[in-house]
Each structure stands twice: as C-alpha cells, then as structure tokens.
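The values are calculated or read from the model by the stated rules, or taken from the named source; none is laboratory data. This one's a predicted model, so the numbers in the text were calculated from it and none came from an experiment. So basically every Cβ, Gly included, is an ideal-geometry build from the backbone, and we count neighbours across all protein chains shown. What goes into the accessible areas is simple: the full protein's heavy atoms, side chains included, and nothing from ligands, DNA or RNA. Shrake-Rupley method; radii C 1.70, N 1.55, O 1.52, S 1.80 Å.
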Amino acid sequence: MGLLTSVAAQAVSAADCPGHPDAIGTSRTIVVDPRAHPLIGTMQYGKTLPLEDHEVVLTFDDGPLPKYSNQILDILAAHCAKATFFLVGSQAHANPEGVRKVRDAGHTVATHSQNHPTGMDRLPLDRSRQEIEQGIASVTAALADGTAPAPFLRIPGLRTNDGIEEFAASKGLQVWSADFPADDWRNVSAARVYELAIKRLEAKGKGILLLHDIQPRTVTALPRILHELKVRGYRIVHVVPATPERPATPTEPQQWQLHPPSETVAVSRWPKVRKFASAGPAALPVPALSHLDWHTSDLGARVPRRGRGVPLPPVAPWPRQTTLPPAGTLAALPVPTASLFKIPESARMTLLAASARRAATAQARSTEVSSAKLAGKSRRHGRVAVAQPPASAGEAAQAPQSAAATAPKPAAQAKRNGRSVRVAGWKKR
C-alpha cells in the first residue's frame with residue numbers, strides 16, 4: 001500500500017506540473033517484469049505494454065547527444081512527462097554526464113547496443129551478444145553509482161532475430177519494439193514528424209511511440225506533439241522495471257494485447273464447446289434400408305415445366321418401397337456353370353456366315369468404286385481429244401509420243417474448268 005501511495009502521489013504531482021498549466025504531465029507509472037513478458041511492441045510482436053485506451057509511452061533512441069538530448073530533457077521537464085531512453089554504449093562512454101542527466105530527471109535508462117550496427121540481425125550471434133553486453137557495461141559505467149540500467153533493450157533498427165531474442169531472454173532482458181514510429185530518423189520536416197506521430201497514434205488508439213533524441217527535427221516537433229496529445233485527451237505513462245522491493249503491477253493477460261477482444265462482441269472469439277456425458281451405449285446399430293422413407297410420390301408434380309420439353313411423370317420411376325429378402329437369406333449368388341458359356345453349333349455357323357457375307361459385300365463395293373474411277377478417266381480423255389484443234393502432219397506424227405506426257409490430269413483439268421466429278425456416288429468439285 002505504501003508503494004502504491006507513493007506512485008500515485010508521484011503521478012498527481014507530475015500532472016500538476018507547477019508553473020506549466022498547459023503541461024500534459026504523467027498520468028501513472030506501471031511496473032513490468034521483463035521475464036514474464038520478454039517481447040513487446042506490435043510492430044514486431046503480438047503483445048505490447050498493458051495500457052488503457054488513450055495512453056502513450058514515450059521512448060527515445062540513440063542518445064545521449066548533448067546538443068539535442070539536453071533540449072529533449074528540458075521539453076519533457078516543462079511538461080512533467082516521463083519517458084524511456086534507450087542509450088547507445090559508445091554515446092554513453094563519450095557523454096557520461098548525459099546519462100546521469102536522464103537518470104536524475106526521473107526517466108528510465110535503458111540500452112541500445114554498444115555501436116548501433118545497422119544490420120544487427122545479419123551479424124554472427126557472438127558479435128550480437130558482444131554488442132548487447134558492452135552496451136550495458138558502458139551505460140552502467142556512465143551511471144557511476146553502482147546501479148545498472150533497466151533491463152530494457154531495443155535492437156538498432158529493430159533488426160532482430162531468434163538468436164538475439166533468445167540471448168536477451170536468457171539475460172532477463174525485455175526486448176522493446178514499438179507500436180508506431182514518427183519517422184524522425186528520416187530526412188523529413190518537423191511538421192511531418194508531428195503529422196505522422198498523431199496520425200499513427202490515432203490509428204492505434206494507444207501504444208509505444210518511437211522517437212530519437214539526437215535529431216533536431218524531433219526537438220522542434222516534440223512540444224507540438226505533447227500539446228496535441230493533451231488536447232486530444234491522451235495521457236503519458238511511465239514504465240519502470242520490477243525489483244524485489246517493487247513488484248510488477250497486477251495485470252490480466254488480455255491487457256497485454258493492443259486491442260483485446262471484447263466480451264460484448266459475439267464474433268470476437270469462438271464459443272466454448274460444452275462437455276457432455278454419454279449415458280447410452282458406446283455404439284449405435286447400423287441403419288437398415290427399411291428405415292429409409294423417400295417420400296417421392298409427388299416429386300414429378302413439384303418440378304415446374306420449363307420450355308417445351310416433355311413433362312415429368314406424376315410418379316417417380318423408382319418404387320416407393322423395396323421388397324427386402326428374408327432376414328436369414330445369405331447375401332451370395334450361385335457359382336455359374338461352364339454350360340452357360342458354351343455357344344451352340346447353329347449359332348456359331350450363323351456367325352461365320354454373317355462374317356463371310358460382310359467380307360463379300362465389302363469386296364464388291366471396292367470393285368465397283370475402282371470400275372467407276374476407270375470409266376470416268378476414259379470419258380475425260382475422249383472429251384479432251386475432241387476439244388483440241390486439228391494438228392499438222394508433223395505434230396500428228398509426234399502426238400502419239402507426247403500425248404502421255406502433255407495430257408493434263410483429269411482431276412486438275414476438272415478443277416480448272418470448274419466441272420464436277422462424280423466418283424462412286426460422291427460428288428467432288
């Protein structure tokens with residue numbers, strides 16, 4: 001109770017923010033256990049911090065950089081707003097005083113690797129481990145009070161992998177992603193940073209905002225962002241790690257979801273299937289055909305007529321009831337005897353005679369077709385000879401020798417003359 005009273009008193013005094021009536025303040029502080037929830041931030045994971053609607057957690061990466069980080073601290077102090085700073089180890093080593101300023105202002109000091117590699121997920125796992133451990137060591141040394149930073153870790157560029165996450169969990173670190181960024185690390189204007197922060201927060205309704213305290217555009221956009229958050233009814237929440245003296249804030253599992261399912265919406269989850277105890281036999285008898293009742297006597301009458309087709313019969317073609325054999329009848333048929341497959345001698349002779357007649361008929365038709373073709377060729381040759389003009393004596397002498405070579409084919413000649421040729425009852429043009 002004493003812990004809860006002190007936390008509530010801190011939130012009330014921060015919300016009052018003496019000298020700054022327009023400040024947004026810090027509405028409350030939540031305590032989280034990193035081991036219970038090792039991965040948070042819906043940009044990459046399925047869970048986020050247990051926030052209520054219109055609650056925001058401010059986070060800043062890549063500091064401390066005195067020129068801009070100190071201005072960020074001043075803006076937050078003017079609004080009595082608390083945030084979480086993910087500090088780079090090399091930056092902390094170069095500016096230890098900046099690390100202590102973050103701590104003394106009441107913010108949460110977290111880590112962001114040692115050298116901020118842009119593709120940490122592509123590094124060998126040993127190198128990634130070294131980046132994480134050295135970053136923690138550098139920030140611890142900069143604090144210079146024997147305390148370590150909070151076990152909160154954000155991977156540079158959010159470029160993580162399974163090996164990094166497993167190593168962080170083994171060290172008791174909570175990997176932070178984010179719920180929405182403002183793209184302030186890109187080459188955009190301060191107005192664009194403000195626009196993206198508000199637009200994406202409105203789309204989410206709550207969550208972790210990702211910013212950078214080393215960017216001049218962030219320094220310019222932050223006062224406007226905080227003012228707009230207060231105008232729209234948002235509240236700032238401060239996050240600290242659990243310790244033996246400071247237990248985690250009690251929460252329910254659904255509170256760690258960005259949009260937990262509503263109990264009033266029927267389709268938000270599958271209904272629970274009740275468990276029934278069976279009091280009857282474990283198996284049911286197999287249904288018999290006599291149990292079926294088709295009721296198809298008026299099937300044809302119910303089907304409407306379409307077009308000019310034949311109407312369906314008024315009664316279904318299959319019987320309504322089926323006569324079943326006695327219950328004791330075996331479901332088997334007698335084996336057929338060899339006599340069933342014998343062909344009588346008279347039938348065999350009939351088959352042979354029919355085959356002979358079909359062969360003779362086919363041969364006669366083939367001979368008739370050949371004769372018709374030859375007769376047609378003779379008639380065409382006679383017509384060609386009559387149509388030719390009289391030849392001279394020399395030409396007449398040479399005609400017998402060259403007639404066979406110069407005479408056009410009947411089919412080609414008929415095709416050129418446009419005449420029809422009738423062959424064996426078929427007309428070919």
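In region 70-92, the residues that are at negative phi reach residues that are open to solvent by 10 Å² or more (accessible area, probe 1.4 Å) and among the acidic types (Asp, Glu) with C-beta atoms within less than 6 angstrom, at least six apart or across chains, in these pairs: 88/62. All of 134, 114 fail the test of being more than 30 Å from residue 227 (Cβ to Cβ) and open to solvent by less than 40 Å² (accessible area, probe 1.4 Å), apart from 114.
Filtered by the rule that a residue be closer than 14 Å to residue 256 by Cβ and either small (Gly, Ala, Ser) or open to solvent by 10 Å² or more (accessible area, probe 1.4 Å) (or both), region 52-73 gives a lone residue, 52. When you check residue 89 against the structure, is it surrounded by 22 or more Cβ atoms within 10 Å (Cβ to Cβ) and either at pLDDT below 95 or closer than 20 Å to residue 167 by Cβ (or both), yes or no? Yes; evaluated as a whole, the condition is true for this residue.
Against the definition (surrounded by fewer than 23 Cβ atoms within 10 Å (Cβ to Cβ), on the phi > 0 side of the Ramachandran plot and either at pLDDT 95 or above or not in a loop (DSSP other than H, G, I, E, B) (or both)), how does residue 19 come out, yes or no? No: the conditions fail for residue 19.
Take residue 204 and tell me if it is surrounded by fewer than 21 Cβ atoms within 10 Å (Cβ to Cβ) and touching an Asp or Glu at 6+ places or on another chain (Cβ under 8 Å). Criteria met by residue 204. For region 183-193, filtering for residues that are farther than 17 Å from residue 157 by Cα and surrounded by 22 or more Cβ atoms within 10 Å (Cβ to Cβ) leaves 1. Scanning region 93-119 for residues that are in a helix (DSSP H, G or I) and out of contact with any Gly (no Cβ under 7 Å at 6 or more places or on another chain) yields 93, 94, 96, 97, 99, 100, 101, 102, 103, 104. Scanning region 65-91 for residues that are assigned to a loop (DSSP other than H, G, I, E, B) and within 41 Å of the chain's Cα centre (by Cα) turns up 81, 82, 83, 88.
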